[in-house]
Amino acid sequence: MKNLKRISTIALSCFVVSALVSSCTDLIVEEKDSLVVQNSGGGFVAGDAGALLEGIYNGLSFYTDQGNTYSLNQHPSAEMIPPTRGVDWGDNGVWRTLHGHTWDATHTQVLNSWNALNGRSFTCEQILASNPSSSQAAEARALRSMFMAQIMDFWGQVPRRTVDQGVDDLPNVLSRSEAFDFIVSNLEEALPELQPGAPATINSTMTQSAVHALLARLYLNKAVYKSTSPAGPYTFDNADMAQVVAHADAVTAAGFGLDADFFNPFTDQESPERILTTEANGVPRNRWMMTMHYDQGGFPAERDGPWNGFTTLADFYDTFEADDLRRFKDVGSNEGYGGLNKGFLIGQQYREDGSEIVDSRSLKPLQFSRDIPLAGAATEKGIRVIKYHPTDNGIYILLRYSDVYLMKAEALLRSGDNGAALTMINNLRTLRNATALSSLSEDAMFAERGRELYWEAIARTDEIRFGKFNVQYQDVTNTEAYTVLFPIPSIAIASNTNLSQNEGY
Amino acid sequence: MNQLYQMSSSKLVQSAKFLPRLLALTLTLSIISFTSFSQNINVTGKVVDSNGDELPGVTVQVKGTSNGVSTDLSGNYSLSSVPSAGTIVYSFVGMTSQEIAVQSRSNINVTLANDEQLLEEVVVIGYGTVKKKDATGAVAAIGEKDFNKGVITSSEQLMQGRVAGVAITQSSGEPGGGINVRIRGTSSVRAGNGPLFVVDGVPLSGGDITGGGSNGGLGSSSARNPLNFLNPNDIASIDILKDASATAIYGSRGANGVVLITTKKGKQGKGSMDYTFSVGTSQITKKFDLLSASEFVAAGGPNNGGTTDWQDEVLRTAITTQHNLSFGGGSNGDSYRFSAGILDQDGIINNSGIKRYSASFNGNKKVINDRLNIGTQLNLANTVDAGVPVTDNSGFSGDLLAAMLKSNPTNSVRNSDGTFNQVSTVEPNPAAIIAYSKDNTNTIRALGNINAELQIVDGLKFKTVVGFDRSISSRKAAFSPLLKAAQIENVGQVYFTDIETNNSLWENYFTYDKEFGNVSFNGLAGYSYQRFEYFAKSSNATNFRVDDLDLMVNNVSAADNSKGFGSIINGSNSNVDELQSYFGRINLGFSSKYLLTATVRADGSTRFGSGNKYGVFPSFAGKWRLIEEDFVPKNVFSDLGLRLGYGITGNQELPHNLYQERRRYGSAGINNSSSINNGGFGTVAFANPGLKWESTTQFNAGLDFGFAGGRLSGSLDYYYKNTNDLLFQVFSAQPAPSPFVWRNLDADVINRGLEISLNAIVVDANDFEFEINANAAFNKNVVENLLGVYDTGAINGQGLTGAFAQRIASGQPLFAYFLREFGGYDEAGNSIYPNGDFQQFLDGASPNPTVTGGLTTNFKYKSLTLSAFFNGVFGNYLYSNNANAFFTKGSFSNGRNVTREVVGSSEGPLNAPDVSTRFLEKGDFVRLANLNLGYTVNTGKTDAISSLRFFLTGQNLALFTNYSGQDPEVNTNKQINGIPSFGIDYTAYPRARTWTLGANISF
């Protein structure tokens, strides 16, 4: 009996010990829903260049948002104002401060733009380190330059992280001048390997034409980027202006041209203007929702009403001649959208059947007014702007030929060839049913750019270049020179000691 | 009687001439014997304890009557008018009562023994039990009699307010909704602050097992409480380990405390069958003070002709029924218990509720000469949640509750043709929302274990436990295209979320108990392995060609998939995590006076990269049982002990695998224009290979005391907790693969405080008992050494995009409020901010309470019991996002309904309702949370029924607070970038007052 007891005890103990020994695990689990790319020695492991590139193109639709980079480019300018209507659009003052130039380093849209642009810039670095084909590498270089150019434009400093830098490494920071050189050299390096590009409904990849357009813009603004004092004064070099003309001509040579119908590029019809667009998912819905009044909706496929937000300023509206085709286009009757015309909407608004729209809150006829206070605005205040129309199925445009055309004209003007510049401007004005100018000044050039490219996210850059950014109008309370650069988000400053805050913040 | 008869008859036979004397004698004798035989003898005696010492004050009472006395100082008693065939009951606090049959004895001496239950109350600690008097750590045990009664959906509600230092906040009044448990303050910043729940030895994973999710444009709702599956009726006791020395045995997950739940076993003996039935009604405690239709028009609101009380349209009186059946028994240490239960709880909002069907089995058997004890506990439950779109973050058009608050009372519910009167997507009709939406989550969960304990040699035991925890949950939510609401009108939405979890446990440990003279030794060494598998998939379909809710869910191909219509998109993810641990503990006792405990646990987790996988968590504690010392006067103290403990525990609650770089396709989404945003191939997270355990160091000093023979007892604890290496999602240094990166921050979160718990037996008389339990906890919380600031507490509403109310920064408590200081209105009706139109800290005002407490009073009178339970929270502030979004003049001038106080205020209609102290209120409250009246029917005669008890319970009967919102116990999830918020009230499901009537019968 005792033996049996002892045997059974020992047997059980052995079982227990063996069970314990065999149960130890190395605590490494297989990942079933993602690909692990880190190798045991650390360092970057190549990803799928094609998939990453496709992700970037697909993600270009973020430009259609009414906040982020669009708001940073538009609201500080005299083209657009984001009023607070009672409780609507108050949003902790984020919009009001953009108009008044009173933003600070904690501004949400500044932070969002910083993250969006820098994140995409890093994805391009990853593509370049992932054994891309030569054309993929060229596209990645071009895209990286495009994103970095915007960072340089907004903040004047561009951080850069290489793929082998880990969590504890701080990205190096390029100064504005260094960034400019880096951006331009990368664009020029990418140029030969890209497709030439031609007008199309969707032009969602980087092509030589897109790079030429970007280079034109960069050389035109080079004086701004290279200036020791960010607010100017700027001295424009004739050699740079010649570069602008050359790149603009290259775009023209690829088959792009001005569209006789001003609003046509924003539709889904063929147009010679579209140089770079988003992919099919870049629906520009935000562009009309952000400006239309609550009661202008009622479309069958829409899920909610418009947001009644941004408008333009009466002074900007007055820069148009009455018959300028860019100011207003009657769209006739459109199923469900009739009554919503294109261009600048002022005064009484109508429904498709011709009846007057009545404001459901004030119960008065809906008439858009000229005046527009920044705070405490009533719902019907402000002139609205429609460039993309709900019926048109257009795709959001990032680069357009008119911009390139005007850049060439400006370059000619700045390098002293006033006659050629005047001819170009008058050609455009004739196309747009505006009277020809007798002479061309810088102010007239600036005004023409505004009339052609309003609400297309280029206003701030133009105002800075022409020295019109730090001007008092409406509710702009801060006209200090330092506001030509946005502050680096305070969170970003805390995360990277290589960054130093811009002056004035 | 017979004797007398014989006596009298013989006497009668013998001498007839003595008849008159005989008659007199007979009469006298009969009188005497009548009085003595009809229940009259004197009984005297002495009562002593098991040591032979006299026991004064013992209640000596004739059973079933009020005839009783108390023993005098020498333990003697004298009881008259005692029926000689009756029973005398001897009872004294702290001693086991005895009932002794008189059997005509006139002298009965009694020895009373100490009540083992009370003085040697046993507490479950990790991997074993310990006598309460020997516990060196801060532990609290509550048994069934302490549980909250009434309609209890999940286990946390049982212990709410009963234990000092354990603060339980229900996020809202939703049946089955989330519950927030904080033991000794909040230590971690991001989610994962809850304690570890262990059910019958199986630690639960703590993750969500149901999908919360989207409700179209109405916002997103949180997941259901994962503990809903456990039928509270099956729980025998809950033991809470609070300080590090107690929780260190669970090392890696013990930083926030450990809650050990033990389910009921069968009782020894011939066993019993129990059936409990109850039915309860619930109604809203306090309706919102909204304007009626006539008041709305009188104040200037647009008059659309109708008269509707939207609160009446949405709310109802809800009925809850519960059935619980159990049977079991046991003998010689074997036992078995089987139970089944049905809970059908309706919520006070129409169409909402939870049903639970549960079954459990708990059995064990001793074999091989009682050396091997094999047992099993199985819990199986099917819960069906019917949800309504009451969400956390709806925008300016609102969710169901927001629609109820802001809808114009002059809007009629329906048009004359019977269809719903749906004005616009910005102002959805609440009755239409209820009618045109359906959200059901069906969950099946099985939790159980098989364990075997073998006694190898004397004192050495080996136990192995194999546990499992499987759940499958499926959410099907449909919103009809007929509903005029954001993202739903004309297109409809269907959401499917399926989550499967499979967790397994294998534990083996040795225990050794031995007495070496004066020294008692208890040792534990073991190994534990746990594996957590998770899989989730979700689908979203839109652009429906049908509008019937059931067809949308069950014929989802009705979604239009042709070109140009984004319709059905899917996403899925799956991960596996493992936890491997080695642990040991030594308990040493010296003459039962000095007790020492040392624990260590080494945990390895797959959440961290190589080099950091293992964390070691030691702890030390000691107890000095002062009551055993001679210098402590035993006639003053009945118990006195001093405890000291120190330990390090860990926390590993962060998402899966953030230390390796991983890439996958992001989720696709259907955007507002009905086109699909394709998911791009990208990095999951910015990998940080240096991630390691978050650790909490805790020091605890405690005093256990008892006075007046145990009539007043309690404990006092002081603790200091410092959490370091905080696991935190910080902003990456851009450019980076992801805007956020998880790091261990070298910041500290410090919690320090005091806990008091008292138990007083005020009256312990013959028929009447009165007992009071009180507990209070004081906690102070501060964050130190944090670089940078982190915002949380997103505030939603019209014109409030990007608004937030709380900020985490160094020198402030966690979730400190960061608001503009409001100073009234100017002549134009716009807000004045005397300290500047920018947000700032407010001297440490935060939603963390300074004091939490509970008070229970128990009365017992004969067969009636009455217990009342109050709980209170003080020192916290609440931010009413409801008031910020809806109760402003601007909202009223937009044609929305508001509360009465808005109409008379001097605010102007164009005033922007920026985030400010205008909407910050004190959240102090005292609540009569539970009132329970029970009546036990005397079933002494019947053999079949062993007990019959009726009870009436009232929950949430009275609330004393200055908070103007619906209820001050609220916590809506307003996280920003994964940082949780606390104390914000936004369209929370309202609270109900519930009356429950029920009966419990045992056979």
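Laboratory data are not the source of any read-out in this text; all were calculated from the coordinates shown. Nothing here was measured: the structure is a model prediction, and the numbers come from that model. In this analysis, Cβ positions are derived from the backbone assuming ideal geometry, glycine residues included, and neighbour counts consider all displayed protein chains.
Working note: Karplus 6.51/-1.76/1.60 with θ = phi - 60° gives region B:259-269 the couplings 10, 9, 10, 10, 8, 6, 9, x, 7, 5, x Hz, where Gly and Pro are set to x.
The convex hull built on the alpha-carbon positions of region A:123-219 has an orientation-averaged projected area of 6.8 nm². Using the Karplus relation 6.51 cos²θ - 1.76 cosθ + 1.60 with θ = phi - 60°, the per-residue 3J(HN,Hα) values for region B:540-549 come to 9, 10, 8, 6, 7, 9, 10, 10, 7, 4 Hz, with x marking Gly and Pro. Just need log10 I(q)/I(0) for region B:802-907 at q = 0.10, 0.14, 0.16, 0.17 Å⁻¹, Debye formula, equal scatterers on the alpha-carbon atoms, no solvent, rounded to two decimals. For the requested q values the scattering log ratios are -0.50, -0.77, -0.89, -0.95. For the protein assembly as shown, a Kirkwood hydrodynamic radius built from all Cα pairs, placed in the Stokes-Einstein relation at 4 °C and 1.567 mPa s, yields a translational diffusion coefficient of 35 µm²/s. Listed by chain and number, the lysines placed with their C-alpha closer than 30 angstrom to that of B:K634 are B:K46, B:K131, B:K132, B:K133, B:K145, B:K242, B:K514, B:K593, B:K623, B:K860; residues fewer than eight positions away on the same chain are left out. Taking other C-beta atoms within 10 angstrom as a stand-in for reagent exposure, B:Y861, A:Y219 fall in the order B:Y861, A:Y219, fewest first. The convex hull defined by the C-alpha atoms of region B:752-794 has an orientation-averaged projected area of 5.6 nm². Of interest is the spacing of the C-alpha centroids, which for region A:432-505 and region B:358-396 amounts to 64 Å. Can you tell me the orientation of helix A:176-190 relative to chain A, as the angle in degrees between its alpha-carbon axis and the longest Cα principal axis, to the nearest 10? The helix A:176-190 is inclined about 80 degrees to chain A.
What the Cβ-Cβ distance of A:L35 and B:S557 gives, at R0 = 41 Å and to the nearest 0.05, is a FRET efficiency of 0.80.
The calculated pair-distance distribution of region A:308-373 uses every alpha carbon pair, bins of 10 angstrom beginning at 0, and gives 18, 48, 31, 3 percent.
The alpha carbons of chain A occupy a box of 118, 60, 46 Å along the principal axes, longest dimension given first. Label-to-label distance, B:L754 versus B:N830, with points set 7 angstrom from Cα along the beta-carbon direction: 4.9 nm. All other residues whose Cβ lies under 14 angstrom from that of B:G836 are scored, Lys and Arg at +1 and Asp and Glu at -1, for a net of -3.
Whole-Hz Karplus values for region B:307-320 come out as 9, 9, 9, 5, 5, 5, 6, 8, 9, 8, 8, 9, 10, 10 Hz, taken residue by residue from phi with 6.51 cos²θ - 1.76 cosθ + 1.60 and θ = phi - 60°; glycine and proline positions read x. Restricting attention to the protein assembly as shown, close to 95% of DSSP beta bridges with both partner residues there are antiparallel. Angle of helix A:208-220 to the longest C-alpha principal axis of chain A, folded into 0 to 90 degrees and rounded to 10: 70°. Going from the residue with the fewest nearby Cβ atoms within 10 Å to the one with the most, A:L53, A:L174 rank A:L174, A:L53.
Count the net charge of all other residues whose Cβ sits under 12 Å from the Cβ of B:K974, scoring Lys and Arg as +1 and Asp and Glu as -1. Neighbour charge sum, excluding B:K974 itself: -3.
What are the semi-axes of the equivalent ellipsoid for region A:398-450, taken as the square roots of 5 times the Cα gyration tensor eigenvalues, largest first, in whole Å?
15, 14, 9
Placing pseudo-labels 7 Å out from each Cα toward the beta carbon at B:R900 and B:A602 gives an inter-label distance of 6.9 nm. Rounded to the nearest 10 degrees, the inclination of helix B:2-14 to the longest alpha-carbon principal axis of chain B is 20 degrees. Over all pairs of different C-alpha atoms, chain B has a mean inverse distance whose reciprocal, the Kirkwood radius, equals 31.8 Å.
If R0 is 30 Å, the Cβ-Cβ spacing of B:K922 and B:Y720 corresponds to a FRET efficiency of close to 0.65.
Put in line by how crowded their Cβ is, counting other Cβ atoms within 10 Å and starting with the fewest, A:T25, B:T936, B:T961 read A:T25, B:T936, B:T961.
Grab every C-alpha pair in region B:283-369, bin the distances at 5 angstrom width from 0 up to the longest one, and report whole percents. For region B:283-369, the binned pair fractions read 3, 10, 13, 10, 9, 9, 8, 7, 6, 6, 5, 4, 3, 3, 2, 1, 1, 0 percent. Per-residue ellipticity at 222 nm, computed for chain B from helices alone with -39500 (n - 2.57) per DSSP H run of at least four residues, works out to -2000 deg cm²/dmol.
Dipole magnitude of the protein assembly as shown about its Cα centre, charges +1 at Lys/Arg Cβ and -1 at Asp/Glu Cβ only, in debye to the nearest 20?
5640
With a simple spin-label model that places each label point 7 Å from the Cα along the Cα-to-Cβ direction, the separation between B:Q840 and A:S135 comes to 6.1 nm. Taking 51 Å as R0, compute the FRET efficiency from the Cβ-Cβ separation of B:T129 and B:D547 and round it to 0.05. That pair, B:T129 with B:D547, gives E of 0.30. The P(r) of region B:896-958 has a tail past 19 Å containing 66 percent of all C-alpha pairs. Taking GluC sites (Glu not before Pro) as exposed when DSSP calls them loop and at most 12 other C-beta atoms lie within 10 angstrom, chain B has its longest site-free stretch at B:121-628. If only the Cβ of Lys and Arg carry +1 and only the Cβ of Asp and Glu carry -1, the dipole of region B:601-710 around its Cα centre is close to 600 debye.
Within region B:359-516, the proportion of Cα pairs with more than 18 Å between them is 71 percent.
Per 0.36 nm of contour for each residue apart, how much would the distance between A:D181 and A:D443 grow if the chain were fully extended, relative to their Cα-Cα spacing?
That pair, A:D181 and A:D443, stretches by 91.4 nm at full extension.
Taking the dipole about the Cα centre of the protein assembly as shown, with the C-beta of Lys and Arg at +1 and of Asp and Glu at -1, give me whichever of A:I493, B:A992, B:L855 is farthest to the positive side. Value: B:L855.
If you take every residue apart from B:F778 with its C-beta less than 15 Å away from the C-beta of B:F778, what net charge results, scoring Lys and Arg +1 and Asp and Glu -1? Once positives and negatives cancel, what remains is +3. Taking every alpha carbon pair in region B:574-730, what does the distance histogram look like in 10 angstrom bins from 0, in percent? With 10 Å bins starting at 0, P(r) equals 9, 24, 21, 17, 13, 9, 5, 2, 0. With an a/c value of 1.5 or above and a/b not larger than b/c for the gyration tensor axes a ≥ b ≥ c computed over the alpha-carbon atoms, region B:236-345 is described as oblate. Ellipticity at 222 nm from helices only: DSSP H runs of n ≥ 4 in chain A, each -39500 (n - 2.57), divided by the residue count, give -12500 deg cm²/dmol.
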